[in-house]
Amino acid sequence: MEDRDSLIETNSLNGSSGIIDNNNNNNNNNNNNSSSPTASSSAPAAAAGLDFIDDHQQQQQHPSNRSQLLTVSFNQDGGCLAVGTANGFSVHNLHPQYNLSVERSLRGGIGQIEMLFRCNLMALVGGGSDPHAAPHRVLIWDDHVPKEIGELSFRQIVLKVKLRKDAIAVALRDRVYVYHLADLSLRDKIYTADNPYGLLSLSTAVQDMVLACPSVTMGHVRVELYGLRKTMLIEAHESTLRALILTADGKKISNIIS
C-alpha cells in the first residue's frame, strides 16, 4: 500500500557513490532498487571510519563568525561536534585533540545535522529564515563528493533524524519512519502520540537495532526490539514526554516529562 504521508526521492551521482571505510579504504556501492513505489534510485550503504576525512577543506572555508548558529549535535561516540548555521555547517573533531575538520558553505541554513560516527555520510535538514532545503526534506550528504546524494521527502516538517550504520529514522509530528540506509527502502512506520519535540532514539553500539519513541498514548514510551521482533510499551508518565534517549547498547532508557 502506498504511504501518502511519505514520498521517497533518491538520487545517485556518477552512477554510484559510497562511504569510505577508513579501516580498509574500500568503497561500498549499493545499486539495489527501493521497495517503495515512489523510490527512483539507490543510496550508499554505511560504514564508520576512524577519522573524518576532508579533501576540500581549503577550498570552501568561510568565516564562522558570519554565521548564525542554528543547531549543534554530537556524533554517536561523542568525539565530534556538528554545527549547523545560517549558511552551512561545520564538523569539529574533539578527541583526541581539537581541530576543525570540515566547514561547508551552502546556499542556506541547516537546522538539523546528524553524523554517522566519523564517516563522510550525514543527514541534513534545512532550517532558519532562509533554509538550504525545505524543512520537510532529509538530505543525505556525502562529504567526499561533497554534495547531496539522495533525499527523503515528507508531507510534514521533519522534527528529528537519527542514523546508525544500517538505518535512518525520521520523526514527524505523529509518526516515525525507519528506512534501510543502504537503499532508503522503507523498513517500518510507527504511529505516535503528538510528538512536537520529535522524540526519537536509536541504539548504535549493537548489531540488532533498538528504537525508542513515544507511544500512541501520551506519556507512554514504545520500544522496538528489531532483533527479537518484539515491541515493548512502557507506561512511563501521564503527561507529555519532553526528552527520550537510549544508551548505545539499547539496554537502558531515560525520559523526562514537561
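From the list V176, V216, V223, V161, pick out the single residue that is out of contact with any Cys (no Cβ under 9 Å at 6 or more places or on another chain) and in a strand (DSSP E or B).
Working: V176 fails: out of contact with any Cys (no Cβ under 9 Å at 6 or more places or on another chain); V216 fails: in a strand (DSSP E or B); V223 fails: out of contact with any Cys (no Cβ under 9 Å at 6 or more places or on another chain).
Sole residue among the options that is out of contact with any Cys (no Cβ under 9 Å at 6 or more places or on another chain) and in a strand (DSSP E or B): V161.
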Exercise. Mind checking which pairs have a first residue in the stretch 88-99 that is buried (at least 18 other Cβ atoms within 10 Å of the Cβ) and a second that is of a type in the set (S, T, Y), Cβ under 6 Å, 6 or more apart or different chains?
Worked result: G88/S105; V91/S101; N93/S101
Problem set entry | Selection from the stretch 226-247 of residues that are farther than 10 Å from V210 by Cβ and in a loop (DSSP other than H, G, I, E, B) | R229, E235, A236, H237, E238, S239, T240
For this session: Being among the acidic types (D, E) and more than 15 Å from the chain's Cα centre (by Cα) is the filter; apply it to the stretch 122-178 and report the residue that is nearest to S73 (Cα to Cα).
Result: D130
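One line per residue, one yes/no per condition, for (1) hydroxyl-bearing (S, T, Y); (2) modelled with pLDDT under 95; (3) farther than 27 Å from L106 by Cα:
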residue	(1), (2), (3)
V158	no, no, no
V176	no, no, yes
N195	no, no, yes
T204	yes, yes, yes
L211	no, no, yes
P214	no, no, yes
E224	no, no, yes
A236	no, yes, yes
Problem set entry | Subset of the stretch 161-177 (residues that are closer than 20 Å to T217 by Cα and either in contact with a strand residue (DSSP E or B) (Cβ under 9 Å, 6 or more places away or on another chain) or in the same structural domain as L211 (by TED's automatic domain parsing) (or both)) | V170, A171, L172, D174, R175, V176, Y177
Exercise. Is it the case that the stretch 186-198 has a residue that's aliphatic (A, V, I, L, M) and buried (at least 22 other Cβ atoms within 10 Å of the Cβ)?
Worked result: no
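Those residues that are within 21 Å of V216 (Cβ to Cβ), surrounded by fewer than 16 Cβ atoms within 10 Å (Cβ to Cβ) and not β-branched (V, I, T), I need them from the stretch 238-253; list them, please. If you could, list the steps in order and put the result at the bottom.
The first filter runs over the stretch 238-253 and keeps only residues within 21 Å of V216 (Cβ to Cβ), leaving 238-246, 253.
Right, trim to surrounded by fewer than 16 Cβ atoms within 10 Å (Cβ to Cβ) and you get 238-239, 242-243, 245.
Selection gives E238, S239, R242, A243.
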Problem set entry | Filter result for the condition that a residue is among the basic types (K, R) and either farther than 26 Å from L70 by Cα or touching a Lys or Arg at 6+ places or on another chain (Cβ under 7 Å) (or both), over R173, R187, R155 | R187
Exercise. Of the numbered conditions (1) in a strand (DSSP E or B); (2) buried (at least 20 other Cβ atoms within 10 Å of the Cβ); (3) among the polar types (S, T, N, Q), Q76 satisfies every one except a single condition; which is it?
Worked result: (1)
For this session: Please list, ordered by first then second residue, the pairs with beta carbon atoms under 8 Å, 6 or more apart or interchain, first in the stretch 141-160 and in the same structural domain as G84 (by TED's automatic domain parsing) and crowded, with 19+ Cβ neighbours inside 10 Å, second outside any loop (DSSP other than H, G, I, E, B) and polar (S, T, N, Q).
Result: L152/S6; F154/S6; V158/Q112; K160/Q112
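The values are calculated or read from the model by the stated rules, or taken from the named source; none is laboratory data. Since the model is a prediction, treat every value here as computed from it, not as a measurement. Don't worry about glycine lacking a Cβ; one is built from the backbone with ideal geometry, like all the others, and counts go over all protein chains shown.
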